[in-house]
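Heads up: the structure comes next, in structure tokens.
Derivation of every value follows stated rules applied to the coordinates shown; laboratory data play no part. Note that the structure is a prediction, hence the values are computed from the model and not measured. Positions of Cβ are generated from backbone atoms using ideal geometry, with glycine treated the same way; all protein chains shown enter the neighbour counts.
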Amino acid sequence: MGKRRPSEHEAVTTMKTEFMSLWDGFTTQQSARVMVLAATNRPWEVDEAILRRLPQSFEVPLPNAQQRMRILQVLLAEEHLESSFRDGSSPNSPLVQLARATERYSGSDLQELCKHAAYRPIRDYLSMERRRGVDETLLELSKSCGGKDPEVQLRPLRLDDFMEALKSSGLSSENAARYQFKDSQRQMRTAAGGESPSTWRPGGMSR
């Protein structure tokens, strides 16, 4: 339901028109108990016609430190963690430190962070197996298990796994802002007749 653009396909425009026509039917039927609820992290991209049909809007703020810690507890409930993670009451516990270090992170950002951190024990295991010799290790383990596939034992997740993941994980809000800036540059280049990407700057300034 993004803003209409000159390059938009006719089928998309037709779909939007039909959707909004049916939407208007909800409001004209007094007996219809229908509530339309929408959410977006890019409100500037929503079609004006859609916004007119949503008279009420409000911002859902990013979670604070306490809320981030609760989100992390839910995300990591089934993960293999160091025992220190279970003590969330101590101000120096890994969970509290992680909640403090993730200021401005959304729930989805925290989920991605946990995914990146979970890869590190796997990488450590694979690196160890390469050093020991994969073929020899698998053969010995297979013999000790009676010919069955051995179960891989990964080390527990540590605080440093998350801190390293923080270095490579970005905020979705910052990514959206960068996308908006690049999109505005593209539109300015199009309006200017295909100027070089490095020519245009915000506000029409060139270097």
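Distance between the 7 Å Cα→Cβ label points at Glu78 and Leu37: 2.5 nm.
Protection proxy ranking, highest mean first, for peptides 56-62, 113-119: 113-119, 56-62, where packing is the per-residue count of other beta-carbon atoms within 10 Å, averaged. By other beta-carbon atoms within 10 Å, ranking Met15, Met35 with the fewest at the front produces Met35, Met15.
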